[in-house]
Amino acid sequence: MNQWPGVKLMVIEGWDEEGQHAPDSLHYEGRAVDILTSDRDKTKLGMLARLAVEAGFDWVYYESKTHIHCSVKSESSQAARYGGCFTAETTVLTSTGTRRRLAELRIGEKILALDTATKKLVFSEVILFLDYNPEQKREFLQISLASGRTLTVTPNHLVAMKDGRTVYAENLRVGSSVLVGDDLNSLKEEVIVGIKPVVRTGVFAPLTKAGSLVVNGVVASCYATIDSQSLAHWAFLPLRFAWNVKWSLQRAWMIVNKPLSGWDTEINEISVAEPPSGVHWYARALYSTASYLIPSHLHN
């Protein structure tokens, strides 16, 4: 039955020809529309959003007070192809006790992470960035927790649960619980109270030796696209091996040059240079071949 006689559906934007959205916006792939009713009655937006969900759209949200945004999942955007990231404002706790924004983090610094073997919090070295692009705009999910913490992450990034599982951020729901930890002695669950899509500038994906990190107090994986923390960690073994070889050579050189003090000196060389911009070549190659080498139920 027609609840709104004479009222038509209006699409105010589909394909973006003016470049007003983020580079990875689904408006450039024909996967997104902004809609309202022809009478521009704001009271109808709630029902319109419900109808859009029932119609099969993956994302439906109030982009403004006058219309709603609807989109379907993309299989070809950069985030889907090459992995997930965090925003520039996301913070981590370093081994020096200071909090640092990911935009300021450098290779070699130790940050708080979860040792998946012992289920304990540790400080783990950042060995490289899987993605580093301060200028790129991308669509994220902003996940709000009961304590006021917020985690802003790409939808296909893995987030840790207390039972040891990792799940895609896009599969989290209000009422779900995620694992949080602020220091070396505290791990607990916290309930999600809100989830909404946002667009932010800057994408950052540090890779630690532990394969995890604690961002804004929330435990997350370093990995995305592959729906298995253990499989993804194994897949990135060559990068950790290369880091260990580099560290061993530096250690040997120090011992040769300082035979008495070198044995007791910990090498923790922190790069002062900004990491190379873009997706790391290994991550690009791995995520590009994931659909061919990994069972379909394990990749996004």
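Legend: residue pairs 110/188; 120/196; 8/65, Cα-Cα distance threshold 25 Å; pairs beyond threshold, 120/196.
Magnitude of the charge dipole for region 9-75, about its Cα centre and with charges confined to Cβ atoms of Lys, Arg (+1) and Asp, Glu (-1), is about 420 debye.
Work out, in µm²/s and without decimals, the Stokes-Einstein translational diffusion coefficient of region 9-75 at 25 °C, 0.890 mPa s, Rh from Kirkwood over C-alpha pairs. Answer, rounded: 202 µm²/s. If you plug the beta carbon distance of residue 274 and residue 11 into 1/(1 + (r/R0)^6) with R0 = 51 Å, you get a FRET efficiency near 0.75. How big is Rg to Rh over region 104-235, alpha-carbon atoms, Rh as the Kirkwood inverse-mean-distance radius? Rounded to two decimals, Rg over Rh is 0.93. Local charge for residue 178 was computed over the other residues whose Cβ lies under 9 Å away, with Lys and Arg +1 and Asp and Glu -1, and equals -1.
Since every read-out is calculated from the coordinates, none of them should be taken as a lab result. A quick note: this is a predicted structure, and the numbers were derived from the prediction, not measured. All Cβ positions, even for glycine, are placed from backbone atoms using ideal geometry, and neighbour counts span all protein chains on display.
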